[in-house]
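*Asks:* Structure below; questions to follow.
The values are calculated or read from the model by the stated rules, or taken from the named source; none is laboratory data. What you see is a predicted model; the values in this text were computed from it and never measured. Here the Cβ is made from the backbone with ideal geometry for all residues, glycine too, and neighbour counts use every protein chain on show.
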Amino acid sequence: MTTRAPAPGRAVRVGRPAALHGTLAVPGDKSLSHRALLFNALASGEARVTGLGLGEDVRSTRRCLEALGVAFLDEPDGSVVVRGRGASGLDEPEGVLDCGNSGTTMRLLLGILAGQEGRFAVLDGDASLRRRPMARVLEPLGQMGALGLGRQGGTLAPLAIRGARLRAIEHRSPVASAQLKSALLLAGVQAEGVTTVIEPSRSRDHTERMLAAMGAAIQIDGAAVAVRGPVSDLRPLSFHVPGDFSSAAFWLVLACCHPQSRVTLRGVGVNPTRTGLLDVLREMGARIALEHERLEGGEPVADLVVESSPLRAVSVGGAIIPRLIDEIPVLAVAAAFAAGETRIRDAEELRIKESDRLATTARELARLGVDVTEERDGLTIRGGRPLHCAAVESHGDHRLAMAAAVAAAAGAGATIEGASAASVSYPSFWDDLRELGAEVVLE
Ligand code: S3P
């Protein structure tokens, strides 16, 4: 039986199953799906992409690209053909580009639009995206020659950008952000000279891998990435998008924390710049095996097999944080089931995600009985206390809705308000949770 994705505003009640068993294929990776559409839109020719994530964020990217004149063909086998327009061939959009809830859509599009000489665009998003900082992208794009404007001195959406002939820059970023790095590299592809982005520690490297595979001259030196522009003819890149490690993360934690479980996750992307959670869970004592490791479209992929595991507390901070930045809410759930005090630090970037994830994770886990303290740059969780059943709120944040569901299914159940937020990255999440054996009821 399938549960339709809950309608906006609906709650979902999750019960704790006696056992969790099954095999799942999680949706296509969100980061790679955005990039597959955006980068191939700039290619000279057609690319065929299979396994695209169908969450609302990726749909936002596709809609924006359509408004910029890019054609997509949906094939009967589920693949999508992207008709590239060449590196400088996008149309000026007639209306506002609606990026919905998606920071990746807005920031990467800004990098692309910065180099579309003479064309003007306005970008907007939902209430959450309007709160997220954009100056970190608009300022360096301004130094490259684009004209960008936004509310509060160019910090907040709605934003306007007029593309220009760009010059290369060297940008030293105070934060490790793949969205910022990718925006500048996409502008760099269109700029004259070598554009370099230097991060404090390495963020996810999908952009570097894909642009190199499309023929751009990319150089990597530690946490510095450079591209030589302009690249007039990016080769289209046809590939299969692997499963999203950030979606698999929910099942990894759930299976570890539930005492009767064994779950197999097929075809998950295990790019090391994404799998910090795997390292941390293993340090906590998790039994997770990688099987059938392979390379698909230049990205490492494996099947993950995870079983119930008694967990112990850890300390997490420093360079690993960008490698598990999206997994911290669910890592906090793992910590709630681990013996001892877990400290997560250096994670202040969480305050500017789809919600303030330090505040919202602490607040909602506390409602379920977790002993958690919100710190300036992280969380402290004293694990091992039995959870209780309560109503929790997603705050419109997909990862919070799913992390709460994991806590509920491994703990004592919960009602999750605003459960439809999961559709941003994982529309079939509630079906998959039921598939594994949990009781999932739309309220
Ligand atoms: C993403 C980068 C990260 C991550 C987001 C996706 C990407 O954001 O949190 O979910 O696809 O480049 P930041 O670059 O802002 O850290």
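*Asks:* Inside the range 174-206, can you point out the residues that are charged (D, E, K, R) and more than 11 Å from the ligand (Cβ to nearest atom)?
*Replies:* Scanning the range 174-206 gives GLU192, ARG202.
*Asks:* If I filter the range 39-65 down to residues being touching a helix residue (DSSP H, G or I) at 6+ places or on another chain (Cβ under 8 Å), of a type outside the set (Val, Ile, Thr) and under 28 Å from LEU252 (Cβ atoms), which single residue comes out as nearest to the ligand (Cβ to nearest atom)?
*Replies:* Among them, the one singled out is ASP57.
*Asks:* Same structure again: Please give the number of the condition SER420 fails out of (1) in a loop (DSSP other than H, G, I, E, B); (2) more than 17 Å from ASP356 (Cβ to Cβ); (3) under 18 Å from the mean Cα position of the chain (by Cα).
*Replies:* Result: SER420 fails condition (1) only.
*Asks:* Which number in (1) on the phi > 0 side of the Ramachandran plot; (2) in contact with a Leu (Cβ under 9 Å, 6 or more places away or on another chain) marks the one condition that ASP346 misses?
*Replies:* Among (1) on the phi > 0 side of the Ramachandran plot; (2) in contact with a Leu (Cβ under 9 Å, 6 or more places away or on another chain), ASP346 violates only (2).
*Asks:* Look through LEU387, LEU368, LEU379, LEU350 and report the one residue that is among the hydrophobic types (A, V, I, L, M, F, W, C), more than 19 Å from ALA410 (Cβ to Cβ) and not assigned by TED's automatic domain parsing to the domain that holds ARG204.
*Replies:* Of LEU387, LEU368, LEU379, LEU350, the one residue that is among the hydrophobic types (A, V, I, L, M, F, W, C), more than 19 Å from ALA410 (Cβ to Cβ) and not assigned by TED's automatic domain parsing to the domain that holds ARG204 is LEU350.
*Asks:* Checking GLU296 against (1) modelled with pLDDT of 95 or more; (2) closer than 16 Å to PRO27 by Cβ, which test does it fail?
*Replies:* (1)
*Asks:* Also, I was wondering about something else. If you go through the range 93-117 one residue at a time, how many are within 14 Å of the ligand (Cβ to nearest atom) and either without any contact (Cβ under 8 Å) to a residue 40 or more places away in the chain or touching a strand residue (DSSP E or B) at 6+ places or on another chain (Cβ under 8 Å) (or both)?
*Replies:* 4
*Asks:* Moving to a separate point now. Sort out which residues of the range 337-349 are within 16 Å of the ligand (Cβ to nearest atom) and either buried (at least 24 other Cβ atoms within 10 Å of the Cβ) or among the aromatic types (Phe, Trp, Tyr) (or both), and write them in order of number.
*Replies:* Answer for the range 337-349, where residues must be within 16 Å of the ligand (Cβ to nearest atom) and either buried (at least 24 other Cβ atoms within 10 Å of the Cβ) or among the aromatic types (Phe, Trp, Tyr) (or both): just ILE344.
*Asks:* Give the residues of the range 350-378 that are surrounded by 17 or more Cβ atoms within 10 Å (Cβ to Cβ), touching a residue at least 40 places away in the same chain (Cβ under 8 Å) and within 16 Å of the ligand (Cβ to nearest atom), sorted by residue number.
*Replies:* LYS353, GLU354, SER355, ARG357, THR360, THR361, GLY378
*Asks:* Across the range 412-429, what is the number of residues that are surrounded by fewer than 24 Cβ atoms within 10 Å (Cβ to Cβ) and either under 18 Å from ALA19 (Cα atoms) or not assigned by TED's automatic domain parsing to the domain that holds VAL330 (or both)?
*Replies:* So the answer is 2.
*Asks:* Next up: In the range 255-283, how many are of a type in the set (Gly, Ala, Ser), surrounded by 24 or more Cβ atoms within 10 Å (Cβ to Cβ) and farther than 14 Å from ASP29 by Cβ?
*Replies:* Here the count works out to 1.
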